[in-house]
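What follows is a short report on a single structure.
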Amino acid sequence: MDNPVIRHSNALMEQGEILDTFRSCGAFLEGHFILRSGRHSRVFFQCAKVLQYPSLAEKLCQALAKRIRDDNFSHVISPALGGLLVGHEIARALKKPHFFAEKKDGRFAVRRFEIAPGMKFLVAEDVVTTGSAVNEVIQIVREAGAQITGVACLVCRSEEEEVPDWGVPFYYLLRLPTETFSADELPADLRAVPAVKPGS
């Protein structure tokens, strides 16, 4: 396979080119998947397959950073593990410090950094469908007396009526609405295929 970093190293990437990049890295999967939310889907974005290439991670996240119009935040924060590299690269592009939340007893917690009242954060994630991880990070920040001024992700999979509303601007690089199903509402094609949880 061609090196995707070289293949996409020049021109500004449009939506089709971004999706082709995910495909070329083996990051766009088709089959039967269980998402972090517990819902089922025919497609899955394994962003680690793209972010394994540092030059491509930098290019994608810089492109996302350019879409962030409101720079009214002091820090970037992201949920681990998926959002770690995205948050770090966005923070680097925007010259901000980067915090991350990690799982502790099944819940996200900020263990290595101190969130102080009055601080302002942009939440960065790799893929958003229901936004469950982003919701937890937002709750942590607000409970500490700090503010959320925006959310950014590489891929927004939410269908139009299900795009999360956090009351702040939401920025994404690729929009690919994708049907998801609860376990008791699976269509026949998914019932016929064993479900997998990539990255779990």
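Brief remarks on what is shown
- Identity of the residue in segment 65-74, open to solvent by less than 30 Å² (accessible area, probe 1.4 Å) and within 20 Å of residue 135 (Cα to Cα), that ends up farthest from the chain's Cα centre (by Cα): 73
- Of 106, 87, all but one fail to be on the phi > 0 side of the Ramachandran plot and out of contact with any Asp or Glu (no Cβ under 7 Å at 6 or more places or on another chain); the exception is 106.
- So residue 66, is it at pLDDT 90 or above, in a strand (DSSP E or B) and of a type in the set (Lys, Arg): no
- Residues that are within 17 Å of residue 89 (Cβ to Cβ), assigned to a loop (DSSP other than H, G, I, E, B) and open to solvent by less than 40 Å² (accessible area, probe 1.4 Å), drawn from segment 24-55: 25, 27, 47
- Some residue of segment 95-109 being open to solvent by less than 30 Å² (accessible area, probe 1.4 Å), part of a loop (DSSP other than H, G, I, E, B), under 16 Å from residue 134 (Cα atoms) and touching a Lys or Arg at 6+ places or on another chain (Cβ under 9 Å): no
- Check on residue 163, β-branched (Val, Ile, Thr), modelled with pLDDT of 90 or more and touching a strand residue (DSSP E or B) at 6+ places or on another chain (Cβ under 8 Å): no
- For segment 169-197, filtered to residues that are open to solvent by 30 Å² or more (accessible area, probe 1.4 Å), within 17 Å of the chain's Cα centre (by Cα) and of a type outside the set (D, E, K, R), the residue that is farthest from residue 98 (Cα to Cα) is 177.
- Qualifying residue in segment 146-155 (condition: at pLDDT below 90 and not aromatic (Phe, Trp, Tyr)): no
- Selection from segment 77-101 of residues that are in contact with a Leu (Cβ under 8 Å, 6 or more places away or on another chain), within 15 Å of residue 139 (Cα to Cα) and of a type outside the set (Gly, Ala, Ser): 77, 100
- Neighbours by Cβ (under 8 Å, 6+ apart or cross-chain): first from segment 49-77, aromatic (Phe, Trp, Tyr); second open to solvent by less than 60 Å² (accessible area, probe 1.4 Å) and not in a helix (DSSP H, G or I): 53/25; 73/96; 73/120; 73/121; 73/122; 73/149; 73/150
- Residue 122 satisfies every condition listed in (1) of a type outside the set (Ser, Thr, Tyr); (2) within 22 Å of residue 175 (Cα to Cα); (3) touching a Phe, Trp or Tyr at 6+ places or on another chain (Cβ under 9 Å); (4) not in a strand (DSSP E or B) except (4).
The values are calculated or read from the model by the stated rules, or taken from the named source; none is laboratory data. The structure presented is a predicted model; accordingly, all values stated were derived computationally and were not measured. Virtual Cβ from ideal backbone geometry, glycine too; neighbours counted across all protein chains shown. Heads up: the accessible areas ignore ligands, DNA and RNA and are worked out on the full protein's heavy atoms, side chains in. Shrake-Rupley method; radii C 1.70, N 1.55, O 1.52, S 1.80 Å.
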